[in-house]
Amino acid sequence: MSRARAFIGRIFAKIIRSAKAVPGKEPSAEPLRLNEIKWQRNSLGLSQRSGTVYGSYSHRYLSVSAVSMGEIESEQQLEELLAESQGASLLDLAMRHTVIFHEYRHFHDCFGTSAGIFSFLNYVQCLEAFLDVCRRLREEGVEFRFPFGEWIQQRDCPAYVKEFYRQLAFGTFYRLIFDGTCELPPQRGEDGESWRDFLIRFGPESIHIPAFPLTFGVQDPGEPEGLSPVVHWVPLGFNVLIEGNAQALQRRLLVSSFSEAADRELEIAQTLHVSHHPIDEKLDHLDITSNIVEPYRITDLLLSKYLRKYHEKLEKFPRRWITHLTDLALMASPMESFGEKSRSMPPGGRFVQMIELTKWPDSAEDSPQFPSGFSRDDLIAIRDSIRDCGGPEEITGQSVFSPVEYIARYVRQHIIAPILDLRIQYGNEIFSDFDLYLSKFSEFPTAPMVTIGAKTRASGDTPPEFFNWWTRFVMIGEVAEQIWSGRRIICCPRAYPTVEGIAGFDFAAEPGCETNLAAKICGTWDKKRTQALPDCYFGFLMKGLFGRSDTPRE
Amino acid sequence: MPEQSFFETEALLTLLNAASSRLGISASDLQNITDEISDQDATRLNGELVEILKLLPSTAIEMEEELPPPGIDQSRLSFRIWRQTNSDRQPNKMLFIRVKDAAPTVGIGLVGLVLALATLSPSAITSGMSTVKGVYDNFVKLKSPEDDDAMSIYDALLKCAATITVETEQPSVSGVKAAELADFGGPSGDRAAKALKRLKDLSLAEVAAWGDSGGDLAHPDNLWRLRA
């Protein structure tokens with residue numbers, strides 16, 4: 001796997017060297033607000049509009065969810081649907097019927113590009129490293145202490161635990177930049193730049209991240225005609241890039257399956273950046289407007305602003321220019337292995353780099369000369385490296401490591417490699433040319449976990465045992481996250497569900513999770529707990545990680 | 001009764017579960033009752049029960065601050081009320097409560113159930129912390145073994161009220177005769193009359209309708225109900 005990553009790094013170093021670089025701007029060193037942006041918590045992309053959530057995607061858990069799913073096959077069917085919707089807006093109806101494609105596009109971008117592939121594998125490595133720390137502690141008879149962040153500051157905490165925590169802390173910081181989920185300080189007034197480069201420091205390390213100045217108008221009731229501008233710097237990261245792709249696809253479908261009007265309505269809804277909160281000294285308008293920042297059109301707005309500024313004849317341009325640049329950026333920004341020092345540029349940096357390296361034409365009818373992408377041979381080499389592991393069916397153990405290993409192998413063999421095969425067969429354009437993408441849509445692997453409405457279902461070709469492993473994988477991941485975040489009390493992810501679909505699974509022997517939870521006999525674990533947990537996977541995991549689930553503290 | 005541990009937003013549900021378990025009220029019946037409690041009443045009752053828990057000695061209860069649970073299940077009563085972040089957008093912390101000694105907790109749960117049922121009646125809306133604290137202060141005056149019958153008939157009144165509420169989907173305000181309480185595990189005859197008088201003295205029960213012209217607490221036709 002690291003071979004493939006190094007390979008990608010070499011290829012892009014070559015591409016970048018061969019291209020004429022545009023002088024970079026001086027970066028602004030800005031303090032990072034280490035709270036993630038609300039709409040991108042835990043890498044869960046939410047598709048929403050005016051407070052209505054239509055769907056979501058979880059990269060870590062290979063899970064797609066949508067409020068509904070349907071395809072419009074004829075004008076008559078559309079008319080019938082509109083009649084049935086009884087006054088619901090056309091856009092609402094259109095969003096409901098196209099959102100599944102939006103979420104599926106995330107799935108394909110996440111497992112079909114270097115950025116997404118190695119981001120997932122980095123997460124798996126992080127989980128494995130943590131489980132290994134827990135195993136070693138058990139073997140050495142050392143008690144794991146909570147909260148984790150306080151324990152590592154104590155002298156008697158083993159060095160390998162401290163080292164894991166150091167890697168985790170840097171990895172978490174790097175992921176904020178990679179995903180673009182850090183929060184940059186907003187400012188009053190406008191900004192004419194297409195983007196600004198921010199330098200974010202973390203201890204002795206520092207990373208650059210470009211950000212787009214999204215301008216909001218804050219309405220002053222005393223001056224109905226006047227709007228005071230407020231700029232929110234939206235970090236360009238993995239999330240904004242894949243949201244841009246998914247949004248572009250959804251808008252393409254709105255036009256082809258519904259109407260130009262539906263697409264226009266969506267565009268207007270997402271361009272209306274006005275806060276109607278009355279101006280009041282007690283309210284911080286920077287914070288109020290930050291809550292309405294949406295990620296969907298950032299790449300579109302950025303490229304439009306850039307071209308308006310530097311290539312004014314390209315006022316309108318084809319959508320595929322953005323998807324092409326996005327795919328180049330996502331393919332050129334693999335995340336390093338967990339614990340390795342970051343050397344490659346994160347996706348946001350790559351995106352603006354690709355814009356600057358492109359030779360733009362004088363008219364939108366001509367084609368830009370984009371930097372080169374991966375060749376067929378390059379892709380074959382990456383695909384072979386990804387396939388270089390055993391099959392998931394070989395995993396039969398019952399240790400806490402088994403679910404993580406199973407899911408990693410399943411993803412590599414049955415999701416990533418087949419998507420790379422499509423790139424190899426049809427060319428990289430399959431990710432940027434929507435006509436080609438949609439014509440081959442059915443050849444892409446299906447997401448193993450799909451939730452439509454409140455119902456989670458298996459996709460057709462997923463083996464039945466996958467779900468046993470998946471539920472355990474989710475349990476391990478969510479428990480680890482809690483420990484890393486400094487909790488003393490560990491909450492059962494089935495009792496406090498954060499992952500779409502998990503509430504439909506039973507982790508306990510008879511009478512089952514629902515009955516146990518209703519009787520309030522389980523739900524949390526901590527070192528002081530004296531009440532035995534039921535016979536369930538959460539109890540098994542706590543025992544496996546920390547040596548016991550039900551014995552009282554001495 | 002085993003140890004109970006829960007987040008402060010879950011106090012009402014956990015304590016009602018403990019009380020229901022003691023009274024033999026089924027989980028589905030309890031669910032029906034809690035479904036009927038308004039968000040506002042649930043929030044208030046939950047907060048008041050937490051305040052009562054804080055009064056318990058450290059030998060019976062431990063509390064520590066913790067980050068709120070990671071997920072929010074909107075369908076659960078306990079999370080109707082919690083804000084995840086404060087005005088600085090830092091995560092709000094909440095209390096994690098561990099009750100070691102079950103007896104006072106069940107007592108709080110019983111009082112909670114009385115008040116939960118009372119909130120379902122438009123004519124018996126409770127008013128604030130003083131009510132919960134007042135009822136609980138009187139309840140803990142019941143001592144074993146001398147008040148065993150009073151405790152038993154309190155349970156019976158509560159179980160009867162819960163049963164009527166579930167069966168009729170209406171809160172019970174009319175009261176029941178002492179003899180009927182035997183069916184719900186209460187004592188009978190003179191022992192029932194004495195137990196009810198004890199509850200009345202402690203303002204835990206009252207006569208909803210007199211069996212005669214009034215004043216005879218031992219009259220078999222008196223209709224009794226819990227006082228909240």
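Only the coordinates and a few stated rules stand behind these numbers; no lab work does. Quick caveat: nothing in here was measured; it's all calculated off a predicted structure. Note that each Cβ is placed from the backbone with ideal geometry, even for glycine, and that neighbours are counted across all protein chains shown.
The table that follows gives values for the structure above.
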| item | result |
| --- | --- |
| Measure of compaction for the stretch A:109-170 (Cα Rg per 2.2 N^0.38 Å) | 1.36 |
| Karplus-derived 3J(HN,Hα), 6.51/-1.76/1.60, for each residue of the stretch A:490-495, Hz, glycine and proline x | 9, 9, 5, x, 7, 7 |
| Selection from A:489, A:447, A:541 lying farthest towards where the dipole of the stretch A:444-554 points positive, charges on Cβ | A:489 |
| Electrostatic dipole magnitude of the stretch A:465-546 [Cβ: Lys, Arg +1; Asp, Glu -1; Cα centre; debye, to 20] | 520 |
| Around residue B:178: net Lys/Arg minus Asp/Glu count, Cβ-Cβ under 15 Å | -1 |
| Rg to Rh, two decimals, where the stretch A:418-473 supplies the alpha carbon set and Rh follows Kirkwood | 1.09 |
| Zone of residue A:435's modelled label, taken as backbone nitrogen in the stretch A:344-366 under 16 Å from a point 7 Å along Cα→Cβ | A:365-366 |
| Positive dipole terminus of the stretch A:465-546, leading residue within A:473, A:507, A:519 (C-beta point charges) | A:519 |
| Order of A:321, A:195 under a 10 Å beta carbon neighbour criterion, fewest first | A:321, A:195 |
| Estimated D of the stretch B:142-228 in µm² per second, where Rh is the Kirkwood radius over Cα pairs and Stokes-Einstein applies at 25 °C, 0.890 mPa s | 194 |
| Taking B:25, B:61 and counting other C-beta atoms within 10 Å, the order from fewest to most | B:61, B:25 |
| Mean-position separation - Cα centroids, the stretch A:137-176 and the stretch A:317-392, in angstrom | 35 |
| The stretch A:319-438 pair-distance distribution - Cα-Cα, 5 Å bins, rounded % | 2, 10, 15, 17, 18, 15, 10, 6, 4, 2, 1, 0, 0 |
| 24 Å Cα-Cα threshold exceeded, pairs from A:520/B:200; A:520/B:194; A:527/B:54; A:455/A:543; A:359/A:440 | A:520/B:200; A:520/B:194; A:455/A:543; A:359/A:440 |
| Relative intensity, log₁₀ I(q)/I(0), of the stretch A:471-554 from a Debye sum that treats every alpha carbon as a point, q = 0.10, 0.22 Å⁻¹ | -0.21, -1.09 |
| Neighbour-limited loop hits for chymotrypsin sites (Phe, Trp or Tyr not before Pro), the stretch B:148-228 (at most 16 other Cβ within 10 Å; DSSP other than H, G, I, E, B) | B:210 |
| Test item: Cα-centred dipole of the stretch B:142-228, Lys/Arg +1 and Asp/Glu -1 on Cβ, debye | 200 |
| Relative exposure of A:65, B:188, judged by other C-beta atoms within 10 Å (fewest first) | B:188, A:65 |
| Net charge, residue A:355 excluded, C-beta distance under 12 Å - Lys, Arg +1, Asp, Glu -1 | +3 |
